[in-house]
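The values are calculated or read from the model by the stated rules, or taken from the named source; none is laboratory data. Everything numeric here is computed off the predicted structure, so don't read it as measured data. Note: ideal-geometry Cβ built from the backbone for every residue, glycine included; neighbour counts use all protein chains shown.
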Amino acid sequence: MADLSDVETAIAALVEAILYPQGTGAPSILGTLTRVYRGWPNPAALNTDLAAGNVNITIFPDAQSRRNTTRFIDPPTPATPIAPTLTVAVTGQSVTFGGTASLGQLAGLLIDNAAFVHRTQTGDSPEGVAATLAAYIRTTRIAHVTGASIAIPGAGSVIGRVVADQSAQTETRRQLQTIRLSCWCPNPTTRDSAASAIDQALSLVHYLTLPDGTAARLQEAGTLVFDQSQNANLYRRDLLLDVEYATTASQTLPALIFGLSQWLPNGNATQTLLG
């Protein structure tokens, strides 16, 4: 799920990329050391930086600006499909398993419309899966096991399948938070250059990708300029950003391995596949 800390971190990374387009190993576009970080600056450290001609860029949530913007709760959205690591190959009346039997997979055989299914366990292997399924099959008919292979003599139809559990994500809430992006600079020229460069670059960014794969809507919400006479070295400009992002919950959904019915060739009736 995306948290406010994820939003702040993503904005900090974006601003750092704007000011250090060639990486932090190269000089910043301002020509001076520029620190980009979350939170409010420490006064003593800030004064030391300003006296040395350095710049601080801080990312901080604006007080009391958060509001709930939840509209509708959508059904779970499947994530990137997860492919099973266990494999199965059927040749006539023989079945062979391969790959790795990691957790979260179903291995199944449909033999003459009778289904035999095993969910992988810790420590499973293709040989272990074959042995377990063979034990299930022997409750109704003959099955021979050799390593990771099963032979089912007399079987008229053999179908082997392996599926993996899939992950899905549900948006449970949506909120809008104003983020205060402050440029703390040692002189007006640097302040103007820093704020202008960041503002222009951010105007091209409409969505911010967060660690959970969701996108946060980014909109300009205003700007403020501070020339504080109590500190001759401090020239500050704040950029206000409205960030709307989702709170999500992830869940694991089991995959279907065998359906309940199939169409007969005449197309007029169905028969069970799980007899």
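If I ask for residues that are farther than 18 Å from residue 252 by Cβ and surrounded by fewer than 17 Cβ atoms within 10 Å (Cβ to Cβ), which ones from the range 95-110 would you list? Matches in the range 95-110: 98, 99, 100. Out of 146, 87, 80, 70, one residue alone is modelled with pLDDT of 95 or more and under 30 Å from residue 168 (Cβ atoms). It is 87. Restricting 41, 81 to residues that are surrounded by fewer than 12 Cβ atoms within 10 Å (Cβ to Cβ) and either assigned by TED's automatic domain parsing to the domain that holds residue 190 or at negative phi (or both) narrows the list to 81.
Here's a check for you: in the range 1-37, which residue that is hydroxyl-bearing (Ser, Thr, Tyr) and outside any loop (DSSP other than H, G, I, E, B) is surrounded by the fewest Cβ atoms within 10 Å (Cβ to Cβ)? Selected residue: 5.
Candidates 106, 50: the one that is hydrophobic (A, V, I, L, M, F, W, C) and closer than 30 Å to residue 124 by Cα is 106.
Take the conditions part of a strand (DSSP E or B), basic (Lys, Arg), farther than 30 Å from residue 32 by Cβ and more than 23 Å from the chain's Cα centre (by Cα) and apply them to residue 161. Does it pass? Taking the combined requirement at face value, the residue satisfies it.
Considering only residues in the range 141-175 that are surrounded by fewer than 16 Cβ atoms within 10 Å (Cβ to Cβ) and of a type in the set (Lys, Arg), the one that is nearest to residue 88 (Cα to Cα) turns out to be 141. Summed over the range 197-230, residues that are small (Gly, Ala, Ser), farther than 17 Å from residue 54 by Cα and over 19 Å from the mean Cα position of the chain (by Cα) total 5.
Residue 112 meets each of the listed conditions (1) free of Cβ contacts under 8 Å to residues at least 40 places away in the same chain; (2) at positive phi apart from (1).
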